[in-house]
Amino acid sequence: MLRNHKLAKSIQDARWGKFGDYIEYKSLRQGKRHVLVDPKGTSQTCLCGAHVPKDLSVRVHECPVCGLEMDRDLVSAKLILERGLSAMA
């Protein structure tokens, strides 16, 4: 672990950037579309569209509007997929 927190974060961010470049390269090489999706707010939103605020310590998404109960990461992944598919349409 690096002692300089800002440098460590910068190195970590650079790794994610390089990974993103690699995914884009592989997608284009295979003739696939590569769509970037902003994940902002997906952990606080339900699949029905309701805003459901929760702390990071809460791992299960429970929507008071539609009654959906699911792992919060799975809900976020489904929302990101929806955003990506709608961006391609």
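Readers should treat all values here as calculations from the given coordinates under stated rules, not as data from a laboratory. Please read all numbers here as calculations on a predicted model, not as lab measurements.
Backbone geometry of region 59-76 corresponds, through the Karplus equation with coefficients 6.51, -1.76 and 1.60 at θ = phi - 60°, to 3J(HN,Hα) couplings of 9, 10, 7, 10, 8, x, 7, 9, x, 5, 10, 7, 4, 4, 5, 5, 4, 4 Hz, x marking Gly and Pro. In this structure the amide hydrogen of His61, modeled in the peptide plane, comes within under 5 Å of the amide hydrogens of Met70, Asp71, Arg72, none closer than 5 places in sequence on its chain. Equivalent-ellipsoid semi-axes for the chain (Cα gyration tensor, √(5λ), whole Å, largest first): 29, 22, 9. From helices alone, the chain scores -16500 deg cm²/dmol at 222 nm; the rule is -39500 (n - 2.57) for each run of n ≥ 4 DSSP H residues, then divide by the residue total.
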